[in-house]
Structures are given as structure tokens and as C-alpha cells.
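J.: There's a structure below that I have some questions on.
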Amino acid sequence: INTINRVKLGQTGSYTVVNADGIVMIDDDLSRIGKPIGNPELFELVVNNDQVEFEFTARDVPYYGVKQLLNNGWLLVGTVPTSEITGALDTLHRRILLNSAGFALLAVLVGLLIAKRVTNPIRQLTLGMKRVQQGDLKVRTKVKSTDEIGLMSKHFNKMLDEIEQLMIRVEEEQRQKTTAEIRAVTYR
């Protein structure tokens with residue numbers, strides 16, 4: 001009995017020795033000795049079933065059980081709540097799910113940051129083009145990247161500078177033409 005009391009199966013599991021008829025022969029609870037196994041489902045699994053490992057329910061708690069035939073024909077029966085066996089797996093499962101959710105969230109955030117880094121220069125260039133379309137030739141984009149969008153921004157700004165220079169030249173030529181026409185009309 002002292003040996004059985006020292007050997008534990010999980011935190012709350014226990015061992016019992018029963019004879020072939022399911023009568024308790026050795027148990028840490030001395031009041032059970034000489035009586036049949038108290039749980040009818042466990043009694044049936046121990047006495048009338050050849051399986052070495054089995055599952056049963058006691059007081060709405062699922063249990064895992066094992067039995068081992070001893071040399072004298074008695075059976076060593078060990079039982080433990082299933083939650084003690086699967087508790088570590090459940091914790092591991094929860095951690096895996098939480099880590100997966102965390103990594104998924106991190107991936108989404110990184111994706112959004114990368115997308116924003118790509119779309120902001122495009123948006124800035126598009127807004128600049130719309131302002132030019134509305135007649136504002138003083139607008140310039142400030143995209144400093146070295147990728148294709150940065151190259152487009154650089155050429156967009158260069159194009160606006162050239163248009164501005166052309167307009168200055170056209171205005172100057174128009175002014176010179178008007179002045180020449182005025183002189184031609186006045187000297188006739």
C-alpha cells in the first residue's frame with residue numbers, strides 16, 4: 001500500500017490492484033479493499049475487456065486507464081484524468097494558435113507598410129498630375145526613390161520645367177511679335 005501511495009499517475013491519477021473478478025485487493029483507500037470496482041464502466045473494461053489501454057468516464061470526467069496482468073493473476077490498474085495527459089498538448093495547441101495569429105498579424109502589418117511605401121509615391125505623383133491637369137504648372141513631386149516611380153517623378157518634374165521654359169519663350173516671342181506689329185503699324 002505504501003508503494004502504491006508513492007507511485008502516482010499524473011497529478012491525481014492512481015493505481016489499484018484487483019483480482020480477475022474485479023474485486024479490489026490493494027488500494028490506497030482501505031475502505032475499497034474487498035469490494036468490486038466502484039465505477040461500472042471501469043469494472044466492465046477491467047474484467048471483460050482485453051484492451052491494455054482504455055478510456056472511461058467517472059463523475060462526468062473523462063479518464064485514461066491502463067492495466068497490467070501480474071504474475072499471480074491479479075491486475076494492476078492505473079487511471080488518470082485525460083485532461084492531465086492532454087493538458088500540456090492543449091497548452092501547446094493554444095500557444096501555437098496564438099503564435100500563428102501573432103505572426104499572421106505581423107505579416108499583415110508588414111504587408112501594409114510595404115504597400116504604403118509603394119503606393120504613397122504613386123499617389124503623390126498622381127495628385128501632382130491632377131493639379132497640372134487643372135492648370136497648376138508650379139507643382140513638383142518630391143518622390144526621392146530610385147525605383148521606376150522615382151524615375152517617373154524626376155521626368156515629370158523635368159517635363160514641367162521644360163513646359164514652363166517653353167511657355168516663357170512663347171510669351172517672350174508673343175511679346176516681341178506684338179511689339180514688332182505695333183512698330184510696323186506705327187511706321188507706315
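J.: Going by the conditions given, is S153 part of a helix (DSSP H, G or I), small (G, A, S) and surrounded by 10 or more Cβ atoms within 10 Å (Cβ to Cβ)?
T.: So S153 fits the description; yes.
J.: Say whether the condition of being touching a residue at least 40 places away in the same chain (Cβ under 8 Å) and either open to solvent by 60 Å² or more (accessible area, probe 1.4 Å) or assigned to a helix (DSSP H, G or I) (or both) is met by at least one residue in the stretch 81-100.
T.: Step one: filter the stretch 81-100 for residues touching a residue at least 40 places away in the same chain (Cβ under 8 Å), giving 81, 84-85.
Those still in the list that are either open to solvent by 60 Å² or more (accessible area, probe 1.4 Å) or assigned to a helix (DSSP H, G or I) (or both) too: 84-85.
Yes, some residue in the stretch 81-100 is touching a residue at least 40 places away in the same chain (Cβ under 8 Å) and either open to solvent by 60 Å² or more (accessible area, probe 1.4 Å) or assigned to a helix (DSSP H, G or I) (or both).
J.: Based on this model, can you work out whether K142 counts as in contact (Cβ under 8 Å) with a residue 12 or more places away in the chain and exposed (fewer than 12 other Cβ atoms within 10 Å of the Cβ)?
T.: Working: in contact (Cβ under 8 Å) with a residue 12 or more places away in the chain: yes; exposed (fewer than 12 other Cβ atoms within 10 Å of the Cβ): yes.
So K142 passes the test.
J.: Of the residues that sit in the stretch 12-50 and are modelled with pLDDT under 90, touching a strand residue (DSSP E or B) at 6+ places or on another chain (Cβ under 8 Å) and part of a loop (DSSP other than H, G, I, E, B), which one is most open to solvent (accessible area, probe 1.4 Å)?
T.: Step by step, filter the stretch 12-50, then rank; the result is T12.
J.: Something else now. Select from the stretch 56-69 the residues that are open to solvent by 60 Å² or more (accessible area, probe 1.4 Å) and not acidic (D, E) and write down the one among them that is nearest to F43 (Cα to Cα). Break it down into steps so the answer makes sense when it comes.
T.: The first filter runs over the stretch 56-69 and keeps only residues open to solvent by 60 Å² or more (accessible area, probe 1.4 Å), leaving 57, 59-60, 62, 68-69.
Adding the requirement that they be not acidic (D, E) leaves 57, 59, 62, 68-69.
Values: T57: 12, R59: 15, P62: 15, Q68: 15, L69: 15 Å.
Looking at residues that are open to solvent by 60 Å² or more (accessible area, probe 1.4 Å) and not acidic (D, E), I get T57.
The values are calculated or read from the model by the stated rules, or taken from the named source; none is laboratory data. Just so you know, these numbers come straight off a predicted model, no measurement behind them. No Cβ is skipped: glycine too gets one built from the backbone with ideal geometry, and neighbour counts run over all protein chains shown. For accessibility, only protein heavy atoms count, side chains too; no ligands or nucleic acids. Shrake-Rupley method; radii C 1.70, N 1.55, O 1.52, S 1.80 Å.
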